[in-house]
1. Of all residues being small (Gly, Ala, Ser), in a helix (DSSP H, G or I) and at pLDDT 70 or above in the stretch 9-41, which is farthest from Leu104 (Cα to Cα)? Just the residue, please.
2. For the stretch 125-133, state whether one or more residues are crowded, with 21+ Cβ neighbours inside 10 Å and modelled with pLDDT of 80 or more.
3. Need at least 2 residues that are over 21 Å from Tyr32 (Cβ atoms) per element, so show me which helices (runs of 4 or more DSSP H) inside the stretch 113-229 make the cut, counting only ones lying wholly within it.
Amino acid sequence: MSAIYILWLRELRRYTRSRAQIVASLGQPLLYLIALGFGLGPVFQSAGRGSYLQFVAPGVIAMTVLFTSVFSGIALLWDRQFGFLKETLVAPVSRMQIVIGRTLGGATVAMIQGLLVVIVCLIAGFRPVNAAVIPVAIGFMALIAILFAALGTAIGSVLQDMQGFQLIMNFLVMPIFFLSGALFPLDNLPKVLSAVTAVDPLSYGVDGLRTALIGMSHFGVALDVVILCCIATVFLGIGSYLFSKIQL
């Protein structure tokens, strides 16, 4: 357990040391909130769907947690390059503990970043239907963060250098975000697109956040929780297996 705590704490320290990174990482959520939340607001409202800012804010929060958690896993490449990974692997602890520690650390950082975006959304005019549901929303943020931090660790375990990073971004992370329903409703979609969104794990995270924050549900909270927990467990297992195969 001490190894898990140390790795968790290291991820937090790496995050808190970079204040510029904290500020810069708020730029993309602000862009989506301003350009989409206010830009498409009249169109969304004229279609009888209410406030688009209210609709898109949970999606922007989920996007922030997604990107931050995946990037924390891919940071494994930097540890490989600068030698810290070798020191970790030769330590007398199981690699499962290493993966859990890194995953929890990355997930915690992603949740902190997500909470900062929640504050930004509140400043922009977003209002949850009930303040009492905030803990439920934080729970969904935690599930999203753990799931994708584990995925990031799995990806970082198989990549050898940063050259494959853009490939992962363009063909995995961005489609996961755009097909999750973060920016558009999931009802009345074409059958093919509806099927694709149904197999996107982030769809259930966005749906859970949206249900908790504004009371709008597509899949149902119970299904959201079950799917996220199951996929997070699978990704942790895959990440642990791939991490155990790393050769330095």
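1. Gly41
2. Scanning the stretch 125-133 turns up at least one residue that is crowded, with 21+ Cβ neighbours inside 10 Å and modelled with pLDDT of 80 or more.
3. The helices (runs of 4 or more DSSP H) meeting that bar are 134-158, 165-168, 191-198.
The values are calculated or read from the model by the stated rules, or taken from the named source; none is laboratory data. On a predicted model such as this, the values are computed, not experimentally measured, just so you know. Cβ: placed from backbone, ideal geometry, glycine included. Neighbour counts: every protein chain shown.
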